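The structure appears right after this line, and notes come after that.
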Amino acid sequence: MYGFEAMTFNIHGGYLEAIVRGHRSGLLTTADYNNLCQCETLDDIKMHLSATEYGPYLQNEPSPLHTTTIVEKCTLKLVDDYKHMLCQATEPLSTFLEYITYGHMIDNVVLIVTGTLHERDVQELLEKCHPLGMFDSIATLAVAQNMRELYRLVLVDTPLAPYFPECITSEDLDDMSIEIMRNTLYKAYLEDFYRFCQKLGGATAEIMSDLLAFEADRRAVNITINSIGTELTRDDRRKLYSNFGLFYPYGHEELAVCEDIDQVRAVMEKYPPYQSIFAKLSYGESQMLDKAFYEEEVKRHCLAFEQQFHYAVFFAYMRLREQEIRNLMWISECVAQNQKSRVHDSVVFIF
Amino acid sequence: MDHFTEKLPSMDLMRSEKMTFVQIIIPAESAHRIITYLGQLGLLQFRDLNAEKSPFQRTFVNQVKRCAEMSRKLRFLMDQVNKAGIMSSHSVLQSDTNLEDIETQLAEHEHEIIEMNSNSEKLQQSYNELLEFKIVLQKACNFLVSSHGHALSEERELVENVYSNEDFVETPFLFEQETMPGPSKSNQSGLRFISGIICKSKVLRFERMLFRATRGNMLFNQAPADEQIMDPISTEMVEKTVFVVFFSGEQARTKILKICEAFGANCYPVPEDISKQRQITREVSSRLADLEATLDAGIRHRNKALSSVGGHLAKWMDMVRREKAVYDTLNMLNFDVTKKCLVGEGWCPIFAKAQIQDALQRATFDSNSQVGAILHSMDALESPPTYFRTNSFTNPYQEIVDAYGVARYQEANPAVYTTIIFPFLFAVMFGDWGHGICLLLGALVLIAHERKLSNQRLGSFMEMLFGGRYVLLLMSLFSMYCGLIYNEFFSVPFHIFGASAYKCRDSSCRDAHTTGLVKYREPYPFGVDPSWRGSRSELPFLNSLKMKMSILFGVVHMNLGILLSYFNAHFFGSSLDIRYQFVPQMIFLNSLFGYLSLLIVVKWCTGSQADLYHIMIYMFLSPFDNLGENELFWGQRPLQILLLLLALIAVPWMLFPKPFILKKLHNERFQGRNYGVLNTFEADLEVEPDSARQHHEEFNFNEVFVHQMIHSIEFVLGSVSNTASYLRLWALSLAHSELSTVFYEKVLLLAWGYDNLIIRLVGLVVFAFATAFILLMMETLSAFLHALRLHWVEFQNKFYHGDGYKFRPFSFATLTEDEN
């Protein structure tokens, strides 16, 4: 019923949309970032944040602060927000909200499996996991020896199970296969999420397909750049690209054969929406690409708030908060390590 | 008139306090003390002069941080005290301690408590482990005995648990289970087991995971633990389940152990040998008793330490909060050029200047400063804040007005009139002296416990009720008064002021309620005659009375509102508003509805049968026709024509002149500068800075005209709809009396009709509840809301701007309330 969301949306989604828009107005502004960038110590950061929505989460921290504490507490706020919304949500919004966390789940699975492979302590690894991507039996991942066991023992119970069939091999786990697994899972996840949003229809489908297409394209570019010079074959690389997005299908063919960054650039510049990303970069430069992508992503997420009666605002809010936490982490790191000149390198202003 | 108004005694509430903008220059050495004294005085609102600076760039940021750190420690200690359940009953009287002392003491206490906590945590952990071990021992033996029962004799020597007695206490999580190298071949396929304990909520998933990991080659036994075990992290009691897993093979063992670890299950070794089991159980029990004693001692020690701190906490918190407020205020001040003085700006009421001076002098003297602080008035661009000095009686009324909008600076304050009119209008709708007495009792209880309740933290509802206790008092008194006029006591009329003026037509009184009564003496002296009750003409009579009364109240109330707009205009010296707004408004309202009120009064006094609807309607439709039997007094027709003409003239009068005159005034003011815009750059510089502000006030005729048009239309339409709106007084009063009649007649009297104690009792209870909840609570609320609306909309829109902002002085008194 495209165009008629206004009639019925507020019955179930109105309250939560109001909540999420309220949360959005609590995001740090440029003025906040400017002030944060001038901080001399982590205590200054805490003091500044105490006037924001992070205040209650940081106020009981004893004074010698660490970057990890700040990030942890800020993430806690995000998680609290998320849990509150999830509690209030009804179908299909609750499923939509759950979809948002699957990405973190994949990352956590990969983190634990890689960690166990390198014989790290499970508890230590668990602390590093993103709290949004936690599931019940995550600690049991350490038991698994190969993909098949991983799936059969643990993941079959999780929402990730449907994404797994493509990666099941009996071979032992190593770094390469884990990385491929991550990308295969992510591909399946994005495609599933995309399908789900299409099924929801209306403005949600319209906006989410745009946001997810961008996500898929970004992953495609990252996979290409990261796999240059590795033993990953072109066909294997091609298989890791999600089957939607602007690059699909012709761009993928071209990306699959790229051998250096400039070729990637040439492929991307054929697509008008991505031209601006490279406009600021000089040739052969790839470090700043991440930031350029983040900036573009933030811009798109902010635009999602311009339209009403759709679910993409929840996705956008979660992503914006995560970006904000990344910013805070970077600023805190820079302040803690006395590298204040580099503060602006990686901070993406949200407004 | 001018002389008369000036001679009136000044009333605090009529207009807000006169404010002045002051600048204080404070020598740096006495700054802290001066701000503290000003905070105690609480009559100066500081302006933030460093608004563009972020909090950590300000001067006293370190002190603020220290205070924040101290309040964090205080919160921690408070939390600990609350957790330990210690009531800080004895507050220790201590002569003034300074902040540094508190800081060091706090650090000590915090350190001490944290250390004790970590100690007791360790103890608690080992206690938990032992307790779990004990439970596992008790439960697991049962399984071992039952499952091994028959096969035990053969396999006894094959499966053996080897463990070291000393080892199990230190590392009880894992235990090595090794098969003895035996001669038999069945040794390799031997059945082994792992026993342990796990949270009850995880058992199901745990079992499933074990099943999957071993591909079903295992046996899982479980039994709920009898005792609950404290979770060391959340300090809550958790239910746990003891389990024993039987399996075979070395690989399965590592897998199972890993899964146990992942699920947070603690594994404990259980020997199969009965005698060994007994021995271990004995040892564990004795160690448990030891640990328990140690734990208790630790907790006692900790509680003692906490209770010694507990007495100070409230006082310290207060001090730290004040200190933080002082530094926050200091951060709003500017350093002057020489860096020796702080410069502060802010608003204060004029009457408080002397007190502030005094506080400054005292502070200077107390801090042994050579230079005193300087206070002087300044001009300010922005409009001053609004400040009313209220007491506990006037405060709720002021709150009622402020809830609509804070008065513009020095605007006529409707709260003065609200104090009486509001409870009265409420009572018109709630007139019943029985209900009034109930309200009065409630209000008196609140007032009697005033001292006790004001120190308590009440719920939000009670807080509201308590805050409005004097409103409630007046409301109840007025509703008793109105109830006496309506002659209703829980809807029952009483012969209080003598006998009724009416009697029955004949002695049997059969047709009293159908054909009516005969008047035989002077009218009933006060209020409604009790004989009206239940008679045929009861409703028409009361309706007519209440309806007309409502209109009279409404017209008077609205006239008062327009009159206040005159006082406003007079005060602010705007003769334009008087001539072209107040006068036509007055004429318009009174020529229509003032005239109606006059007719009502005349009709009441003469007892005429004239139809007022007819008069009012034909006054507009055919003003020149003869009134016929509806004529109430001589010369009514010419008067009506005159009034109609006046009302017609009043509309353009309030619409057109004001915007045109404003335009003319504006043109005159800027006549000389007509071509200033075209001048060159130098000409702009010549314009003196004072006039810069006036330049910004662009005069937009269209906007002013549209504004005036909206105002006029609103007033003209409003005077009709507002008058009609006052009829709610009648409607609610009618609803109230009818509702209480229903409860009285259909519940109480009906139940009383039966000669059965139970039915009577039930009827009484239902009546009591209906009266309490529906009539006393719901009806009070609805009457309150309607009275509120009549004030906010019908009364205040005649004169009240309500676009001011409140005076928020820096004061310690308000400080204690907000946090927490």
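Calculated mean residue ellipticity, 222 nm, chain A: -20000 deg cm²/dmol, from DSSP H runs (n ≥ 4) at -39500 (n - 2.57) each, averaged per residue and rounded to 500. In chain B, helices alone account for a calculated mean residue ellipticity at 222 nm of -18000 deg cm²/dmol, with every DSSP H run of four or more residues adding -39,500 (n - 2.57). Backbone geometry of the range A:245-258 corresponds, through the Karplus equation with coefficients 6.51, -1.76 and 1.60 at θ = phi - 60°, to 3J(HN,Hα) couplings of x, 5, 6, 7, x, 6, x, 5, 4, 6, 5, 4, 9, 5 Hz, x marking Gly and Pro.
Per-residue extension of 0.36 nm, minus the Cα-Cα distance of B:Phe351 and B:Leu598, leaves a gain of 84.3 nm for this segment. Derived scalar couplings between HN and Hα for the range B:275-289 equal 5, 5, 4, 4, 4, 5, 4, 4, 4, 4, 4, 5, 5, 4, 4 Hz in order, rounded to whole Hz, by the Karplus curve 6.51 cos²θ - 1.76 cosθ + 1.60 (θ = phi - 60°), x for Gly and Pro.
Quickly rank B:546-557, B:360-371, B:778-789 as a protection proxy: mean count of other C-beta atoms within 10 Å, highest first. Please report the intermediate quantities before stating the final value.
Details: B:546-557: 20.0, B:360-371: 15.2, B:778-789: 17.9.
Peptide ranking by packing, descending: B:546-557, B:778-789, B:360-371.
Reported value for the protein assembly as shown: 316 Å³ per residue, from the convex hull of its C-alpha atoms. Beyond 21 Å in Cα-Cα separation lie the following of the pairs B:Lys65/B:Lys806; B:Lys240/B:Lys304; B:Lys139/B:Lys276: B:Lys65/B:Lys806; B:Lys240/B:Lys304.
Think of it this way: in chain B, B:Cys67, B:Cys141, B:Cys199, B:Cys260, B:Cys267, B:Cys341, B:Cys348, B:Cys438, B:Cys482, B:Cys605 stand alone, with no other Cys Cβ under 4.7 Å. The mean count of C-beta atoms from other chains within 10 Å of the C-beta of residues in B:437-450, rounded to a whole number, is 0.
Note on the range B:498-597: along the principal axes its Cα atoms extend 71, 24, 17 Å, ordered by decreasing extent. Counting only lysines at least 8 places from A:Lys280 when in the same chain, those with an alpha carbon closer than 20 Å to its own are A:Lys270, A:Lys291, A:Lys299. The listed peptides B:429-442, A:216-229, ordered by packing as a protection proxy, come out as B:429-442, A:216-229 (highest mean of other Cβ atoms within 10 Å first). Amide H contacts of B:Lys240 (H built 1.01 Å from N, in plane; Pro and chain starts excluded): B:Lys200, B:Ala225, B:Ile229 sit under 5 Å, all sequence-distant by 5 or more or on other chains.
Straight Cα distances below 21 angstrom link B:Lys546 to the lysines B:Lys603, with same-chain residues fewer than 8 positions distant left out.
Taking only complete DSSP H runs, can you tell me which helices of chain A stretch 27 Å or more along their own long axis by Cα positions and average at least -1.0 on the Kyte-Doolittle scale? Those that clear 27 Å and a mean of -1.0 are A:67-88, A:93-117, A:175-200, A:202-227, A:312-336.
Neighbours of B:Leu137, meaning other residues whose beta-carbon lies under 11 angstrom from its beta-carbon, give a summed charge of +3 when Lys and Arg score +1 and Asp and Glu score -1.
For chain B, take the longest principal axis of its alpha carbons; what is the angle in degrees between that and the long axis of helix B:538-571, to the nearest 10 within 0 to 90? The angle comes out at about 90 degrees.
Inter-part distance, the range A:51-105 to the range B:279-346, computed on C-alpha centroids, equals 28 Å.
Restricting the GluC sites (Glu not before Pro) of the range A:89-141 to loop positions (DSSP other than H, G, I, E, B) with no more than 12 neighbouring Cβ atoms within 10 Å leaves A:Glu119. Helix B:353-366 axis versus longest C-alpha principal axis of chain B: approximately 30°, rounded to the nearest ten. Along the range B:592-601 the Karplus relation, 6.51 cos²θ - 1.76 cosθ + 1.60 evaluated at θ = phi - 60°, assigns HN-Hα couplings of 9, 8, x, 5, 4, 4, 4, 4, 4, 5 Hz to successive residues, with x for each Gly and Pro. How would A:Val154, A:Val71 line up from fewest to most surrounding beta-carbon atoms within 10 angstrom? Ranked by crowding around the Cβ, least crowded first: A:Val71, A:Val154. Neighbouring Cβ atoms from other chains, within 10 Å of the Cβ of residues in B:250-262, number 3 on average. In this structure, the residue pairs whose Cα-Cα separation is over 23 Å, taken from A:Lys128/B:Lys258; B:Lys315/B:Lys452; B:Lys73/B:Lys340; A:Lys340/B:Lys340, are B:Lys73/B:Lys340; A:Lys340/B:Lys340. Taken over the alpha carbons of chain B as equal point scatterers, the Debye sum produces base-10 log I(q)/I(0) values at 0.10 Å⁻¹ of -1.16.
The Cα-based radius of gyration of the range A:1-106, divided by its Kirkwood radius, gives an Rg/Rh of 1.08. For the range A:89-190, taking Cα atoms only, Rg and Dmax work out to 13.2, 42 Å respectively. To the nearest 10 degrees, how steep is helix B:250-262 against the longest Cα principal axis of chain B, on a 0 to 90 scale? That works out to roughly 30 degrees.
No lab work stands behind these numbers, since they all come straight from the coordinates. Keep in mind that what you see is a predicted model, and the values were worked out from it rather than measured. Note that each Cβ is placed from the backbone with ideal geometry, even for glycine, and that neighbours are counted across all protein chains shown.
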